[in-house]
Amino acid sequence: MSYMRLYISCDLAFDIPTATPFVLMLRPRSGAQQWITREEYRLVPSVPVFEFTDAYGNLCQRLVAPPGIFTVYTSAEVMTADHVDQTPGAAFVEVQKLPDAELSYLLPSRYCESDRFGQMASEITAKQSAGYDQVAAIVAWLRNHIRFAPGSSNTPVSAVEVNLKQSGVCRDLAHLGIALCRSLSIPARMVVGYLYQLDPMDLHAWFEAYVGGRWYTFDATQAEMNGGYVVIGYGRDAADVAVYNQFGPAVYPISQTVCVKHLCP
């Protein structure tokens, strides 16, 4: 496997009215297809941080932000795959043969009502071989029927709502893709992170499906699947992979800057 070296960063600023608990998910971790070679995490003002690993293996940070302007800056240098593995024909894995850890990705979740899409998924994937080819057909359908509209929504919506609207942001297309896969008993999970050369640049969401004994990347927002994906977190849907959760009166970023640059080897 060949790799590319990327610099990634996310700079968030909040205006905090009162001391506010946060759970952040902004640290990528090394895994099968990415290696973190350098990292910086800076909070202004500095506050105590407690890190834990959630049920999906994501690195999360707990803290209490003080009143006033509070900024979170993270950056990393990452070695990541310069291509996306594609294996047409990879076989469907029968439910009774799935690893225990993948079973939760078969079930309906808050934003992925897979129990509502059985007939639709069967129609979309008719005549396709069970497994990878079914997922590829779902992605092709999403590209042709659901308009990708970056910046059109800041609030997660469910797969049912996306199908009714026929448009959405990257997170929304992933929700519908996941629901369609799960309705065919194919495990599918949400992924949030960075994508090199994403236009417009922002944090990104896509999904993975488990076929042929492993997870494969699928992204209905991109006409061509190139490399340069950097994973921050995995989960059942957007409720599990928010880059920040805050508790108490609603707080929204007053600024957010995301950068992904290619570094020389």
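The number of residues in segment 240-253 being closer than 25 Å to Y105 by Cα, more than 11 Å from the chain's Cα centre (by Cα) and surrounded by 14 or more Cβ atoms within 10 Å (Cβ to Cβ) comes to 1. Kindly indicate whether any position in segment 25-34 is part of a strand (DSSP E or B), over 18 Å from the mean Cα position of the chain (by Cα) and loosely packed, with under 15 Cβ neighbours inside 10 Å. No, the conditions are met nowhere in segment 25-34. When segment 84-133 is filtered for residues that are among the aromatic types (F, W, Y) and not in a helix (DSSP H, G or I), the ones remaining, listed by number, are F92, Y111, F117. Return a yes/no flag: does segment 202-217 have any residue that is more than 27 Å from Q128 (Cβ to Cβ), touching a strand residue (DSSP E or B) at 6+ places or on another chain (Cβ under 8 Å) and in the same structural domain as G177 (by TED's automatic domain parsing). Scanning segment 202-217 turns up at least one residue that is more than 27 Å from Q128 (Cβ to Cβ), touching a strand residue (DSSP E or B) at 6+ places or on another chain (Cβ under 8 Å) and in the same structural domain as G177 (by TED's automatic domain parsing). R143 meets all of the listed conditions (1) surrounded by fewer than 19 Cβ atoms within 10 Å (Cβ to Cβ); (2) assigned to a loop (DSSP other than H, G, I, E, B) but one, namely (2).
Answer yes or no as to whether S46 is of a type outside the set (V, I, T), modelled with pLDDT of 95 or more, surrounded by fewer than 16 Cβ atoms within 10 Å (Cβ to Cβ) and more than 21 Å from M201 (Cβ to Cβ). The answer is yes for S46. Restricting G212, G151, G233, G177 to those that are of a type in the set (G, A, S), modelled with pLDDT of 95 or more and on the phi > 0 side of the Ramachandran plot reduces the list to G212. Restricted to strands (runs of 3 or more DSSP E) entirely inside segment 186-233, those with at least 1 residues that are surrounded by fewer than 21 Cβ atoms within 10 Å (Cβ to Cβ) are 214-218. Scanning segment 113-123 for residues that are under 18 Å from H145 (Cα atoms) and crowded, with 20+ Cβ neighbours inside 10 Å yields F117, A121. Would you say E77 is touching a strand residue (DSSP E or B) at 6+ places or on another chain (Cβ under 6 Å), buried (at least 16 other Cβ atoms within 10 Å of the Cβ) and among the charged types (D, E, K, R)? For E77, the condition - touching a strand residue (DSSP E or B) at 6+ places or on another chain (Cβ under 6 Å), buried (at least 16 other Cβ atoms within 10 Å of the Cβ) and among the charged types (D, E, K, R) - is met. The lone criterion from (1) under 18 Å from the mean Cα position of the chain (by Cα); (2) outside any strand (DSSP E or B); (3) hydroxyl-bearing (S, T, Y) left unmet by S9 is number (2). Under the condition of being in contact with a Ser or Thr (Cβ under 6 Å, 6 or more places away or on another chain) and touching a residue at least 24 places away in the same chain (Cβ under 8 Å), which residue from segment 133-168 is farthest from V243 (Cα to Cα)? Among those that are in contact with a Ser or Thr (Cβ under 6 Å, 6 or more places away or on another chain) and touching a residue at least 24 places away in the same chain (Cβ under 8 Å), it is Q134.
Only a single item in (1) surrounded by 24 or more Cβ atoms within 10 Å (Cβ to Cβ); (2) among the small types (G, A, S); (3) farther than 26 Å from C259 by Cβ; (4) out of contact with any Leu (no Cβ under 6 Å at 6 or more places or on another chain) is not met by S167, and it is number (1).
The values are calculated or read from the model by the stated rules, or taken from the named source; none is laboratory data. All values derive from a computational prediction rather than experimental measurement. Backbone-built Cβ (ideal geometry, glycine too); neighbour counts: all protein chains shown.
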